[in-house]
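Comments concern the structure below.
The values are calculated or read from the model by the stated rules, or taken from the named source; none is laboratory data. None of the values given here were measured: they were computed from a predicted structure. Every residue, glycine as well, gets a Cβ built from its backbone with ideal geometry; the counts of neighbours run over all protein chains shown.
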Amino acid sequence: MRIGVYGGSFNPPHTGHALAAAELIQKLALDRLLIVPAADPPHKTLPAGTPSPEDRLELCRLAFSGIPGAEICDYEIRREGKSYTVDTLSMLRSRYPEDELILLMGTDMFLSFSTWREPERIASLAVLAVMHRDDQTETWDSVCHEAERLRQTMHAQVLLVENRCQEISSTVVRRLLAFRAPEGLDPAVQDKILQNGWYLTGGQLKNLPYDKLREISLSLHKEKRRAHVQGTADTAAALAEHWGDDPDTARRAGILHDITKALSEQEQLDLSAKYKMTLTPLQQENPKLLHAKTGAVVARDIFGESEKIFNAIWWHTTGRAEMTLLEKIIYIADYMEPNRCFPGVELLRDLAWKDLDAAVFQGLDQAVAHVRKQGMPLDSDSLSAWNYYRNITERSLRL
Ligand SMILES: [Fe+2]
Ligand SMILES: [Fe+2]
């Protein structure tokens, strides 16, 4: 028999997993495909809202129920400690001594294969089948190079299998679940998740203490944005202290200000439709601008934050005339937090502690110049903000 082994955290299992399973059974002519959810994956920490390993096993049963040949295995769930692939394959080899084992993995996992526990032994126990999408051209050379290296150094058998697996990932699915806009899930899986309030869907996100709010906010961001979000929260709190606003409110607004930024342009549009937001033509053409608007709605409706915070997030990209103190603080904190590095940032940092309106004008002026340089149309709120703060700044210079 040819037995495929498809491991992963399946957190949660989505339609991309099911599609990949069906396609690989056919392409690799597998007699069986064992789906092996990890109890405690060695390479990652499972985020807030993750259901128990047994519940993920149940979600896998639902997600793969329509795929002939797919079988859900509880080996790693039943085993104590970290879920190492080498242990699973050793067990499968003793159970199926005569059969061919084919270990399936995505390109990211394949490129880190050398760092797994006992990679040589894994390569001696199973054929490695690397699934890649035809749009992953940027990693293709690395994958081919690594395949050749493993063949030479470990005598590994490596198959490169093109598959149509959807671009969706469990991380994206979790984000969309948290924002109450689920996508990419089998209806039975989605129902089970919502019934149990898993993946932050249970309404438990309102009025959280700051530490918990921070943990959840950071878990919904992409890795590379976390430092920026934290920097904005800390800078906003310091500016609030300095200018006489409430630092705790500023910190909460800062940690949430980019909460939907990780969504793709299409997901921004879908979320805006879901929240029944009316979009300007400019926003429709540039969905990246929408993260301030969808982020504000998420902060208010899902995290239960105040109108004051809602407005600070809503206006944080465009600004507007007559901004409140908190709106100005978030606008500037986003611009000048310690991870920002662009010509003029030092001037902005200097002004922010001396004259907040002048700092806001400086930020707007740079933003307006940038948009004009790119030949893009200017948002009307940004333009009225720019005029308003230019007048204020000129007036104070005259005095
Ligand atoms: Fe932003
Ligand atoms: Fe930001």
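Odds and ends about this structure:
- Being away from ligand 2 (no atom under 16 Å from the Cβ), in a helix (DSSP H, G or I) and within 14 Å of Ala299 (Cβ to Cβ) is a property that Leu208 lacks.
- Within region 5-17, if we keep just the residues that are crowded, with 24+ Cβ neighbours inside 10 Å and touching an Asp or Glu at 6+ places or on another chain (Cβ under 9 Å), the residue that is nearest to Leu125 (Cα to Cα) turns out to be Pro13.
- In region 211-258, residue farthest from ligand 1 (Cβ to nearest atom) [restricted to those that are outside any helix (DSSP H, G or I) and charged (D, E, K, R)]: Asp246
- Looking across Pro53, Pro41, one residue alone is out of contact with any Phe, Trp or Tyr (no Cβ under 8 Å at 6 or more places or on another chain) and either in contact (Cβ under 8 Å) with a residue 40 or more places away in the chain or of a type in the set (Phe, Trp, Tyr) (or both). It is Pro41.
- For Thr139, the conditions (1) among the β-branched types (Val, Ile, Thr); (2) out of contact with any strand residue (DSSP E or B) (no Cβ under 8 Å at 6 or more places or on another chain); (3) assigned to a helix (DSSP H, G or I) all hold with the exception of (2).
- Screening the candidates His155, His132 for the property of being in contact (Cβ under 8 Å) with a residue 12 or more places away in the chain, surrounded by fewer than 16 Cβ atoms within 10 Å (Cβ to Cβ) and either in the same structural domain as Pro47 (by TED's automatic domain parsing) or closer than 30 Å to Ala273 by Cα (or both) yields one hit, His155.
- Residue ID - farthest from Ala20 (Cα to Cα), chosen from residues in region 159-190 that are among the aliphatic types (A, V, I, L, M) and over 12 Å from the mean Cα position of the chain (by Cα): Ala181
- You will find that of Leu220, Leu263, Leu271, Leu256, the residue that is of a type in the set (A, V, I, L, M), in contact with a Phe, Trp or Tyr (Cβ under 9 Å, 6 or more places away or on another chain) and modelled with pLDDT of 95 or more is Leu256 and no other.
- Enumeration of residues in region 269-305 that are under 26 Å from Lys206 (Cβ atoms), within 12 Å of ligand 1 (Cβ to nearest atom) and either touching a residue at least 24 places away in the same chain (Cβ under 8 Å) or aliphatic (A, V, I, L, M) (or both): Leu290, His291, Ala292, Thr294, Gly295, Ala296
- Output for region 87-121, where each listed residue is aliphatic (A, V, I, L, M) and crowded, with 17+ Cβ neighbours inside 10 Å: Leu89, Leu92, Leu101, Ile102, Leu103, Leu104, Met105, Met109
- Segments classed as helices (runs of 4 or more DSSP H), wholly inside region 265-331, with at least 1 members that are under 21 Å from Ser384 (Cβ atoms) and within 16 Å of ligand 2 (Cβ to nearest atom): 291-297, 307-314
- Considering residues of region 103-140 that are over 14 Å from Leu89 (Cα atoms) and β-branched (Val, Ile, Thr) only, the residue nearest to the chain's Cα centre (by Cα): Thr107
- Contact map, region 357-375: first residue over 18 Å from Glu327 (Cβ atoms), second residue surrounded by fewer than 15 Cβ atoms within 10 Å (Cβ to Cβ), Cβ cut-off under 6 Å, separation 6 or more or different chains; pairs are Val371/Leu378.
- Of all the criteria given as (1) over 21 Å from Ala250 (Cα atoms); (2) in a helix (DSSP H, G or I); (3) not hydrophobic (A, V, I, L, M, F, W, C), the one not satisfied by Asp357 is (1).
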